[in-house]
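Take a look at the structure set out below.
The values are calculated or read from the model by the stated rules, or taken from the named source; none is laboratory data. Note that this is a predicted model, so its numbers are computed, not measured. Don't worry about glycine lacking a Cβ; one is built from the backbone with ideal geometry, like all the others, and counts go over all protein chains shown. These area figures cover heavy atoms from the full protein model, side chains too; ligands, DNA and RNA do not enter into them. Shrake-Rupley method; radii C 1.70, N 1.55, O 1.52, S 1.80 Å.
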Amino acid sequence: MDANEKIDIEKAAIIEKTYTCPVCDKKLHAKAVKANSAKFVATMADLRPVHSNVNVTKYDAVCCPNCGFSALTKNFTSSTASQRKLIREKIQTNYKSHDEIDCEIYTTEMAISRMKMALLCTVTKGGKDSEVGNVCLKISWLYQDLADELPEEDSDAAAKKELYLKEADNAAMNAYDRLTNARMRESFPIAGMNETTLDYLLAYYASKKGEYQTAMRLLSGVVTSRSISPRLKDKALELKEQVSQMRDQEAQ
């Protein structure tokens with residue numbers, strides 16, 4: 001399948017939506033994935049979703065080209081008056097407004113830029129740890145997608161892939177820290193996840209950091225949960241085996 005065919009397939013799965021910016025009251029447009037149009041393929045070990053026709057994460061940030069306010073789609077209209085004041089003072093005053101970008105689809109690079117703007121605004125307005133962690137998680141996924149998309153004939157592919165995966169890891173560890181704090185202080189659902197799903201994700205990141213005891217403790221609770229789905233239980237059991245092996249190797 002060539003690049004134009006991929007673009008056509010992705011175009012068929014997205015629509016243009018109109019929003020009113022809660023900060024500057026201007027109308028704006030953002031592309032979004034049509035309901036029930038994404039064709040699910042798999043969920044990766046870090047819960048990154050994979051679809052055959054569209055990367056849904058690319059379309060999960062809304063950005064105002066007038067004032068710069070950006071947020072995940074589900075949070076775009078839910079800011080408080082004091083948060084909007086902070087955005088006006090710290091984002092809008094330094095933001096150079098521009099026309100909306102005319103494009104058929106969002107590239108992964110564009111999506112990362114949009115998601116980073118959402119992260120800046122979420123931190124600036126004092127968003128909850130779960131909100132910041134959720135954006136960091138999606139940035140990590142997008143950098144992994146960017147690494148996966150690198151053409152083999154690219155002479156700098158190896159160096160670029162290393163860079164993208166490093167960025168993905170940095171974002172993932174920020175997500176881990178924020179979501180761990182949210183786990184202790186906020187009520188579920190957290191970042192759209194129930195307790196079992198979040199604990200699995202935290203266990204996965206704990207294993208990446210070499211915190212094997214924390215990972216095993218979390219996974220023990222996950223695999224014995226009555227509400228766990230068979231798919232997630234399989235992932236948790238597989239991760240538990242991997243963590244056990246890594247812990248044993250480190251002890252030798």
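With unit charges on the beta carbon (Lys/Arg positive, Asp/Glu negative), name the residue among SER79, ALA45, ALA172 whose Cα is farthest towards the positive pole of the charge dipole of region 36-179.
SER79
Whole Å is fine, so just give me how far the alpha carbon centre of region 203-232 lies from that of region 104-151.
25
Angle check, please: helix 195-208 long axis (alpha carbons) against the longest principal axis of the chain (alpha carbons), in degrees 0 to 90, nearest 10.
Once rounded, one gets 80 degrees.
Rg(Cα) of region 65-154 divided by 2.2 N^0.38 Å?
1.20
Cross-link candidates for LYS235: which lysines have Cα within less than 19 Å, leaving aside residues fewer than 8 places away along the same chain?
The reachable lysines, counting only those whose Cα sits under 19 Å from LYS235, are LYS208, LYS209.
When Lys and Arg each count +1 and Asp and Glu each count -1, what net charge do the other residues less than 15 Å away from LYS85, Cβ to Cβ, add up to?
With Lys, Arg at +1 and Asp, Glu at -1, the neighbours total +2.
Could you do me a favour and compute the accessible area per residue for region 169-252, 1.4 Å probe, result in Å²?
58
Please list the non-local residues whose amide H lies under 5 Å from the amide H of ILE14, H modeled 1.01 Å from N, same-chain partners needing a gap of 5 or more.
Residues meeting the amide H criterion: LYS34.
What list of ³J(HN,Hα) couplings, whole Hz, do you get for region 121-127 from phi and the Karplus terms 6.51, -1.76, 1.60, once you set θ to phi - 60° and write x for glycine and proline?
Residue by residue, region 121-127 yields 5, 5, 5, 4, 7, x, x Hz.
In the chain, carbon and sulfur make up what percent of the accessible area (probe 1.4 Å)?
Whole-percent figure for carbon plus sulfur exposure: 48.
Give the Rg/Rh ratio for region 79-118, taking Rg as the radius of gyration of the Cα atoms and Rh as the Kirkwood radius, to two decimals.
With Rg and the Kirkwood Rh in hand, the quotient comes to 1.07.
Leaving out ligands and nucleic acids, and using a 1.4 Å probe, what accessible area per residue does region 1-142 come to in Å²?
That works out to 50 Å² per residue.
Hey, what does the equivalent ellipsoid look like for region 19-91, semi-axes from the Cα gyration tensor as sqrt of 5 times each eigenvalue, largest first, whole Å?
Over the Cα atoms of region 19-91, the ellipsoid semi-axes are 30, 14, 9 Å.
For each pair in LYS31/LYS58; LYS85/LYS138; LYS6/LYS58; LYS34/LYS58; LYS116/LYS161; LYS11/LYS96, compute the distance between the two Cα atoms and list the pairs where it is over 21 Å.
From the list (LYS31/LYS58; LYS85/LYS138; LYS6/LYS58; LYS34/LYS58; LYS116/LYS161; LYS11/LYS96), the Cα-Cα distance tops 21 Å for LYS85/LYS138; LYS11/LYS96.
Can you figure out the FRET efficiency of GLU250 with SER227, using R₀ = 35 Å and their beta-carbon distance, to the nearest 0.05?
With R0 = 35 Å, the Cβ-Cβ based efficiency is 0.65.
Please give me the summed charge of the neighbours of ARG114: other residues whose Cβ is under 11 Å from its Cβ, Lys and Arg +1, Asp and Glu -1.
My count for the surroundings of ARG114 gives +2.
Determine ³J(HN,Hα), in whole Hz, for all residues of region 50-65 in sequence, where each value follows from phi through the Karplus function 6.51 cos²θ - 1.76 cosθ + 1.60 and θ = phi - 60°; x replaces Gly and Pro.
10, 10, 7, 10, 7, 8, 5, 5, 4, 10, 9, 10, 10, 10, 8, x
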